[in-house]
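Just below is one structure, and these are the notes that go with it.
The values are calculated or read from the model by the stated rules, or taken from the named source; none is laboratory data. None of these values were measured; they are calculated from a predicted model. So basically every Cβ, Gly included, is an ideal-geometry build from the backbone, and we count neighbours across all protein chains shown. We work out accessible area using only protein heavy atoms, side chains counted, and drop any ligands, DNA or RNA first. Shrake-Rupley method; radii C 1.70, N 1.55, O 1.52, S 1.80 Å.
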Amino acid sequence: MSEDLNHLRQRLAEFADARDWQPYHTPKNLASALSVEASELLEIFQWLTPEESARVMESPESARRVEDEVADVLAYLLQFCEVLGVDPLKALTAKIERNERRFPTP
């Protein structure tokens, strides 16, 4: 990855600060926006067969759409984490560890 999460979080915060968007960046609003963007990502795949969905990045237009929606999802997730003081990498590490205990290998 070219930029680390802290740098991206800072850029997103500066972008929102410059536009006075903080009053709108409540946990509820950010969670709602995150859900909408995840749905827009899902919409790209809605009517594709499994085989078509596996090839979605082969088309420049669909690849750009996927990348844009992934960026939107990540941006809202990072902003959500910033507002609530959640370290997303720490949270993910803890979740993986819980899942490893919950679902041990056979």
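One table, with the values for the structure above:
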{"quantity": "Calculated mean projected area of the Cα convex hull in nm² (choose from (i) 8.3; (ii) 8.0; (iii) 9.5), label", "calculated": "(iii)"}
{"quantity": "For the stretch 90-106, Karplus couplings with θ = phi - 60° (6.51, -1.76, 1.60), whole Hz, Gly/Pro x", "calculated": "5, 4, 5, 4, 5, 5, 4, 4, 5, 5, 5, 6, 6, 10, x, 5, x"}
{"quantity": "Percent accessible area from carbon and sulfur atoms, the chain, protein chains only, probe 1.4 Å", "calculated": "58"}
{"quantity": "Rel. contact order, % - alpha carbon contacts under 8 angstrom, at least six apart, the chain", "calculated": "36"}
{"quantity": "Rough spin-label spacing in nm, given labels placed 7 Å along Cα→Cβ, for residue 8 and residue 22", "calculated": "2.3"}
{"quantity": "DSSP-loop chymotrypsin sites (Phe, Trp or Tyr not before Pro) across the stretch 1-54, with at most 16 other Cβ within 10 angstrom", "calculated": "21, 47"}
{"quantity": "Hz values of 3J(HN,Hα) by residue in the stretch 64-79 - Karplus curve (6.51, -1.76, 1.60), Gly and Pro given as x", "calculated": "4, 4, 4, 4, 4, 6, 4, 4, 5, 4, 5, 4, 5, 5, 5, 5"}
{"quantity": "Per residue accessible area of the chain, 1.4 Å probe, in Å²", "calculated": "77"}
{"quantity": "Note, ³J(HN,Hα) from phi for the stretch 19-25, Karplus 6.51, -1.76, 1.60, rounded to Hz, x at Gly and Pro", "calculated": "10, 6, 8, 3, x, 8, 8"}
{"quantity": "Cα convex hull of the stretch 35-94, projected area averaged across orientations, nm²", "calculated": "5.0"}
{"quantity": "Full-extension gain in nm, residue 90 to residue 41, via 0.36 nm per residue minus C-alpha separation", "calculated": "15.1 nm"}
